[in-house]
1. When DSSP assigns beta bridges and you keep just the ones with both residues in the protein assembly as shown, what percent turn out antiparallel, to the nearest 5?
2. Can you list, shortest first in nanometers, how far B:GLY294 lies from the same residue in the other copies, with each label 7 Å from Cα toward Cβ?
3. If we count GluC sites (Glu not before Pro) as exposed when they sit in a DSSP loop and have at most 15 other beta carbons within 10 Å, what is the longest stretch of chain A that avoids them all?
4. Percent of accessible area on the range B:210-332 owned by carbon and sulfur, 1.4 Å probe?
5. Could you tell me the calculated FRET efficiency between A:THR12 and B:HIS80, based on Cβ-Cβ distance and R0 = 41 angstrom, to the nearest 0.05?
6. Residue by residue through B:79-89, how many Cβ atoms from other chains fall within 10 Å of the Cβ on average?
7. Nearest 10 degrees is fine. How inclined is helix B:175-188 to the longest principal axis of chain B, computing both from alpha carbons?
8. Counting protein heavy atoms only and a 1.4 angstrom probe, how many square angstrom of accessible surface do chains B and A bury in total, to the nearest 100?
There are 2 protein chains.
Amino acid sequence: MSDGTPAPVRPTLEEVARVAGVSRATVSRVINGSPRVSPDVLVVVEKAIAELNYVPNRAARSLAARATMSIALVVPENAHRFFGDPYFADVVQGISERLDDSDYVLNLQLTHPSSPSEKTRRYLLGGNVDGAIVVSHHSGDHFLASLGRSLPVVFGGRPLGQIANPGDYYIDVDNRLGARRGVEHLIARGRTRIATITGPADMPAAVDREMGWRDALAGAGLSDHRIAHGDFTEAGGIRAALVLVDEHPDLDAIFVASDLMASGVLLALEERGLRVPTDVAIVGFDNSPYATRGRIGLTTVAQPSLEMGVVMADTLLRLLAGEQVEHVTMMETSLVVRDSS
Amino acid sequence: MSDGTPAPVRPTLEEVARVAGVSRATVSRVINGSPRVSPDVLVVVEKAIAELNYVPNRAARSLAARATMSIALVVPENAHRFFGDPYFADVVQGISERLDDSDYVLNLQLTHPSSPSEKTRRYLLGGNVDGAIVVSHHSGDHFLASLGRSLPVVFGGRPLGQIANPGDYYIDVDNRLGARRGVEHLIARGRTRIATITGPADMPAAVDREMGWRDALAGAGLSDHRIAHGDFTEAGGIRAALVLVDEHPDLDAIFVASDLMASGVLLALEERGLRVPTDVAIVGFDNSPYATRGRIGLTTVAQPSLEMGVVMADTLLRLLAGEQVEHVTMMETSLVVRDSS
């Protein structure tokens with residue numbers, strides 16, 4: 001090019017948009033690797049990018065947007081709970097898999113349950129992350145619940161009613177319906193004195209599963225007074241099962257709000273000489289590795305934890321790319337029947 | 001102070017520099033805990049700071065030094081290995097406990113084994129963290145091995161010889177001596193045909209434990225040809241044990257380089273109808289929850305994983321504060337004898 005024209009100027013994103021005949025946001029989505037770009041649009045935009053020899057300038061991009069290219073996964077649990085519950089392993093795996101196909105790194109932040117520290121708050125709001133995924137939030141986490149006002153945030157699981165914001169984005173399963181189906185399965189097997197062991201009362205998933213248990217019992221005209229409270233740990237499941245069999249020796253089934261707790265319930269019942277399922281049938285929730293680890297395979301309400309992690313990450317990436325995203329994504333549970341019922 | 005002088009003005013960094021007779025940049029380095037300040041200069045600057053009662057303004061400090069007040073914990077393992085091995089739970093717990101008493105947040109970065117992605121590299125070197133702790137590094141991790149040249153880094157476990165730098169900081173146990181003591185215990189119990197199941201050959205801890213096994217056998221004039229290679233997973237332990245008993249049906253003991261693998265070994269031996277410890281005695285390594293989870297309590301070489309996490313964090317915090325720190329901190333192993341031997 002020695003025809004006297006000035007040296008070529010780097011093409012801009014706007015020019016790509018004009019040549020492709022699409023919006024600036026669409027070009028941005030293509031560049032950021034969003035999976036929600038239709039194949040047709042992808043072809044057109046990539047053709048325009050090639051034609052103009054457009055190179056996204058990462059540095060400029062970072063400076064303009066103060067992008068850190070990192071996403072926080074905020075887990076308000078201690079290391080013991082975090083490592084002890086296979087749900088988190090699945091969710092982290094799913095989020096990691098989705099982020100592998102993006103330019104973002106995952107920045108995992110463990111914070112204290114119910115009270116994320118001041119330094120975590122300062123860190124998250126201090127421009128150190130571009131967005132956040134919050135899982136396993138308790139109702140006391142007012143800071144985490146309000147995080148979505150300052151930062152693009154996706155919740156893993158619905159925030160509790162009293163602190164939820166209408167604009168929240170979350171991925172969840174219908175815990176109430178899933179639990180109801182699990183308890184209806186016990187009723188179909190002829191059980192009539194069905195107890196439950198709940199999760200922590202400050203967690204929406206636990207509250208919903210308890211309601212599903214009540215729904216099924218009410219639907220069949222059965223009593224819902226056999227209840228013990230657990231904490232989503234194996235030791236908590238053992239403790240709660242011992243309380244239940246002492247207080248309600250007539251029970252013939254227990255719906256347990258997590259497989260990890262159910263794994264403890266199986267140990268406790270064995271210790272008391274109660275046979276599963278002959279004396280007491282058990283249904284858990286999660287379909288985690290704990291459901292198949294013990295001597296007795298656990299019937300359980302399966303939730304697609306890994307896929308939920310993928311969708312959490314995907315939803316946040318789409319928010320960051322400026323896309324319109326559904327506020328609520330509900331995923332399916334299914335009943336997996338094994339020996340315990 | 002009602003003597004007519006104006007209200008005291010906060011002393012500035014420039015005044016500290018003037019009083020200390022050093023440059024502004026040097027004062028800034030001291031305040032930000034740079035490890036590259038000479039002890040003499042440190043004394044002079046700290047004296048000036050005390051004299052003027054200078055309080056660094058955190059916001060200003062962050063802007064000046066781009067301090068993120070976050071520390072990366074880099075784990076080059078996939079989510080499955082990370083969640084499946086209790087060693088990581090202990091180390092994360094220990095690091096978290098130490099950081100709770102500091103102004104730093106923990107930023108956990110899972111990266112692919114042996115090849116941290118380009119984006120992780122860019123992130124770690126891009127001013128997004130003030131320092132890093134690297135655990136479970138494999139010998140292929142040249143980037144992680146060289147990270148210490150660009151950032152204050154503490155390794156959990158000694159980097160392998162060929163990629164280690166003389167300036168590396170690391171926390172470790174004497175894996176070789178610990179393994180030797182474990183095998184000597186088997187010899188003291190009268191075992192003479194002692195096999196081993198190793199960890200991955202690209203990990204220093206695995207190599208050292210194998211050498212300790214050889215040391216003990218050589219010391220007693222016993223043969224060291226009964227060996228199978230594992231990968232620090234339970235399934236790998238099962239596979240390796242089956243190979244060993246097929247190839248060396250005369251073996252009377254196995255030193256297994258991790259409890260998680262040993263937990264698989266117990267399952268495999270039971271399947272083959274071999275009694276532990278009557279037919280085959282077992283010694284593991286770690287003293288993790290897996291050592292006491294099964295029907296048979298596992299004799300094991302205990303390492304203080306949680307305390308190692310605390311010391312890793314403490315060492316990095318001291319580096320960040322500009323302190324002189326020992327390059328190598330070795331912690332003690334101890335033998336815990338249970339039913340398997």
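1. Antiparallel: roughly 10 percent of the beta bridges in the protein assembly as shown.
2. With the label placed 7 Å along Cα→Cβ, B:GLY294 yields 2.0 nm.
3. A:1-325
4. 52
5. 0.45
6. Per residue, the average neighbour count from other chains is 4.
7. With both axes taken from Cα atoms, the answer is about 30 degrees.
8. Between B and A, the summed buried area is about 2300 Å².
The values are calculated or read from the model by the stated rules, or taken from the named source; none is laboratory data. What you see is a predicted model, and the numbers here were worked out from it, not measured in a lab. Cβ atoms come from the backbone with ideal geometry, glycine included; neighbour counts cover every protein chain shown. Surface accessibility is based on the protein's heavy atoms, side chains included, excluding ligands, DNA and RNA. Shrake-Rupley method; radii C 1.70, N 1.55, O 1.52, S 1.80 Å.
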